[in-house]
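As C-alpha cells, the structure follows; a few thoughts come after it.
The values are calculated or read from the model by the stated rules, or taken from the named source; none is laboratory data. Since the model is a prediction, treat every value here as computed from it, not as a measurement. Virtual Cβ from ideal backbone geometry, glycine too; neighbours counted across all protein chains shown. We work out accessible area using only protein heavy atoms, side chains counted, and drop any ligands, DNA or RNA first. Shrake-Rupley method; radii C 1.70, N 1.55, O 1.52, S 1.80 Å.
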Protein chains: 2
Amino acid sequence: MTSLDSTPQAVQGAETGHSTQPVHGTEAAKQIPPAAVARLTIYLRALNTLLSDGVERVSSESLAEASGVSSSTLRKDLSYVGSYGTRGVGYEVQYLSRHISAALGLTHDWKVAIVGAGNLGKALARYGGFESRGFDVVAIFDADQMVVGNEVGWLRVSDAADMEAVLQRTGANMVVLALPAHVAQAVCDRVVAAGVHSILSFAPVMLQVPEGVNLRKVDMATELQILAYHAQRAQTPDQTA
Amino acid sequence: MTSLDSTPQAVQGAETGHSTQPVHGTEAAKQIPPAAVARLTIYLRALNTLLSDGVERVSSESLAEASGVSSSTLRKDLSYVGSYGTRGVGYEVQYLSRHISAALGLTHDWKVAIVGAGNLGKALARYGGFESRGFDVVAIFDADQMVVGNEVGWLRVSDAADMEAVLQRTGANMVVLALPAHVAQAVCDRVVAAGVHSILSFAPVMLQVPEGVNLRKVDMATELQILAYHAQRAQTPDQTA
DNA sequence: TAGATTGTTAATCGATTAACAATC
DNA sequence: TAGATTGTTAATCGATTAACAATC
C-alpha cells in the first residue's frame with residue numbers, strides 16, 4: 001500500500017496462457033502486470049477528472065504528467081488494455097476511460113461489506129470514493145452489542161454473529177476488514193468460509209488465506225515507517241564517496 | 001498503499017554513493033531498495049510479535065513464513081541492514097529487531113500532525129498502531145469551526161488557520177493528510193512551506209510536491225479496484241490455450 | 001504533404017530466486 | 001566432527017525507459 005508500496009500479497013489469479021496477440025473487444029482477458037494494474041487505476045481517476053472538466057481528448061504526454069508517470073510507462077500500460085488511441089491525435093477521454101474500467105472489471109457489480117464499525121470502519125462506510133467508483137457498501141458489522149443497530153451513513157450496524165447470513169442475503173462479494181489485529185484472522189476465516197474471495201485488510205497482521213482468495217493489505221503504520229526511513233536518510237547526508 | 005503496492009511515488013532521498021562494503025555499527029547508512037524497506041517493516045512487526053510471545057531466537061525460515069515471504073528474500077533483505085545472525089543458529093529476536101529499527105530510522109523522534117478531523121482523521125488519531133511504533137501524534141487540524149476544539153483521543157482539534165504556528169510549536173516533522181481531494185493540494189503546499197518534508201496522503205488526488213519532499217499516498221478506492229481486477233479474472237476462466 | 005503522437009521493440013535496470021560456500 | 005543455517009553470489013525474472021517505425 002504499498003505501500004502500501006502499500007503492501008500487496010497473496011493475490012493469486014488464474015494465470016495460464018500468455019496470449020501474445022492483443023485481443024480487443026469482448027474476448028478473453030490477458031494478464032496485466034501487477035504494477036500496471038495499480039497505475040491503470042490512477043489513469044482512470046485522472047481521466048475522470050478530465051471528463052468532469054469537460055476535456056474530450058488527451059495525449060499520453062499530458063495524461064502521464066497528470067498521473068505522475070513517464071509517457072513511456074503510460075503507453076506501455078495502456079497497451080496491455082488494448083489500443084484505443086489515434087496516432088498523431090491522442091486519446092478520447094471517455095472512450096479510454098470506459099475501456100480501462102472494463103479491463104479492470106469495474107463494470108461488475110461489486111458489493112462491499114465492512115467488518116468493524118469503529119472509527120476506521122465508519123470512516124470507510126461513509127467514504128464517498130467507494131460509491132462514486134462503483135463499489136456499493138451493503139453492510140457493516142460489529143461484535144459490540146452497544147454498536148449493533150447504530151446508524152452509519154445509509155446503513156445500520158449488523159451483529160457480527162449474523163455475518164454469514166447477512167453476507168449471503170446482501171450478496172456481498174468483497175469484504176473490508178477494519179478491526180483489531182487479534183481478531184482479524186478468525187474473522188477472515190469466517191469470511192472466506194462464507195464464500196467471499198476478495199478481502200481488503202486494514203488490520204496490522206499477516207493474514208493466512210487459502211489459495212484462490214485475493215487478499216490485499218493496507219497498513220498505515222507501515223506507511224509512516226517507510227516515510228521515516230526516507231526522512232532519516234534525507235537528514236543524514238551521505239558520507240560515502 | 002500502497003500500495004498499497006500501495007501506490008508509492010516521488011520519494012526522493014539523497015543517493016550519491018553506493019558503498020559496496022556492508023558497513024555496520026554507527027557509520028554511514030547505505031541505500032536500501034524500496035521493496036526491501038517495505039518488507040523490513042513487516043519483519044519488524046513479526047519480530048515484535050515474537051518478542052511479546054517470549055520467543056528469543058528465530059531462523060530465517062520461520063521469520064520468513066510469519067512474514068509471508070521466501071527465506072531467500074528475507075535473508076537478502078536483512079543483508080542490506082547488516083549481518084546480525086549466527087550461522088547454524090539463527091537470529092536473536094530482540095537484537096535483530098533493534099537493528100532493523102535503527103536502519104529504518106525509527107529511533108528518531110517522529111511527531112505526526114493530522115490534517116482533517118473527519119471520520120478518517122479521527123480514526124488515525126486514535127489508531128493505537130502509531131503510538132506503539134514510536135510515532136507521536138501531536139496535533140490534529142480542521143477548518144470547520146464546529147469541529148475545532150473538540151476532543152479526539154488525547155488531543156483537541158486545532159484550527160487549520162493556525163496550522164503553521166501549531167506545527168512549529170509542536171515540532172511536528174510528519175503530516176498525514178486526511179481531507180477531501182479538492183483542498184488537498186492547497187493544504188499540502190502550506191505544509192511544505194511550513195517546513196515539513198514527510199507527508200502521507202489519504203486524499204484521492206495526485207499531489208505535486210517539490211523535490212526533496214517525501215510523499216506517500218494511500219488510496220482505499222484504488223485498493224478495491226485492484227482487488228476487483230483480480231476477482232474478475234478469477235471469475236472469468238482463461239480462454240486462451 | 002508535414003507535423004504529431006501512438007503502439008511496440010529492444011536495451012536497461014532492478015528485484016527475486018536458487019544454490020552453496022562460509023561458519024557456527 | 002556432523003548438522004544447521006546464515007550471508008552472498010550468480011542466474012532468472014519482471015519492470016522501466018528510450019527510441020522509433022507506423023500512421024493519423
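When region A:201-231 is limited to residues that are facing chain B (nearest Cβ under 7 Å) and more than 19 Å from the chain's Cα centre (by Cα), the one that is surrounded by the most Cβ atoms within 10 Å (Cβ to Cβ) turns out to be A:226. One residue is enough: does region A:198-214 have a residue meeting the conditions more than 21 Å from residue B:227 (Cα to Cα) and among the small types (Gly, Ala, Ser)? No: zero hits. Which ones in region B:36-84 are open to solvent by less than 40 Å² (accessible area, probe 1.4 Å) and at positive phi? Scanning region B:36-84 gives a single hit, B:82.
Can residue A:107 be described as open to solvent by 50 Å² or more (accessible area, probe 1.4 Å), polar (S, T, N, Q) and at pLDDT below 95? Taking the combined requirement at face value, the residue satisfies it.
The helices (runs of 4 or more DSSP H) falling completely within region A:124-200 that include 1 or more residues that are touching a Phe, Trp or Tyr at 6+ places or on another chain (Cβ under 7 Å) and more than 13 Å from every other protein chain (Cβ to nearest Cβ) map to A:163-170.
For residues in region B:39-67 being more than 14 Å from DNA strand D (Cβ to nearest atom) and aliphatic (A, V, I, L, M), which is farthest from the chain's Cα centre (by Cα)?
Filtering region B:39-67 for residues that are more than 14 Å from DNA strand D (Cβ to nearest atom) and aliphatic (A, V, I, L, M), the one farthest from the chain's Cα centre (by Cα) comes out as B:51.
When you check residue A:64 against the structure, is it out of contact with any strand residue (DSSP E or B) (no Cβ under 8 Å at 6 or more places or on another chain) and at pLDDT 95 or above, yes or no? Yes: the conditions hold for residue A:64.
In this structure, does residue A:124 turn out to be within 16 Å of DNA strand C (Cβ to nearest atom), out of contact with any Lys or Arg (no Cβ under 6 Å at 6 or more places or on another chain) and open to solvent by less than 20 Å² (accessible area, probe 1.4 Å)? It is false that residue A:124 is within 16 Å of DNA strand C (Cβ to nearest atom), out of contact with any Lys or Arg (no Cβ under 6 Å at 6 or more places or on another chain) and open to solvent by less than 20 Å² (accessible area, probe 1.4 Å). Given the condition modelled with pLDDT of 95 or more, under 21 Å from the mean Cα position of the chain (by Cα) and open to solvent by less than 60 Å² (accessible area, probe 1.4 Å), answer yes or no: does some residue in region A:144-162 qualify? Scanning region A:144-162 turns up no residue that is modelled with pLDDT of 95 or more, under 21 Å from the mean Cα position of the chain (by Cα) and open to solvent by less than 60 Å² (accessible area, probe 1.4 Å).
Residues that are basic (Lys, Arg), within 13 Å of DNA strand C (Cβ to nearest atom) and not in a loop (DSSP other than H, G, I, E, B) within region A:29-62 comprise just one, A:57.
Every residue in region A:68-111 that is of a type in the set (D, E, K, R), away from DNA strand D (no atom under 12 Å from the Cβ) and not in a helix (DSSP H, G or I), please.
First pass over region A:68-111, keeping only residues of a type in the set (D, E, K, R): A:75-77, A:87, A:92, A:98, A:109, A:111.
Subsequent filtering for residues that are away from DNA strand D (no atom under 12 Å from the Cβ) retains A:98, A:109, A:111.
Passing the criteria: A:109, A:111.
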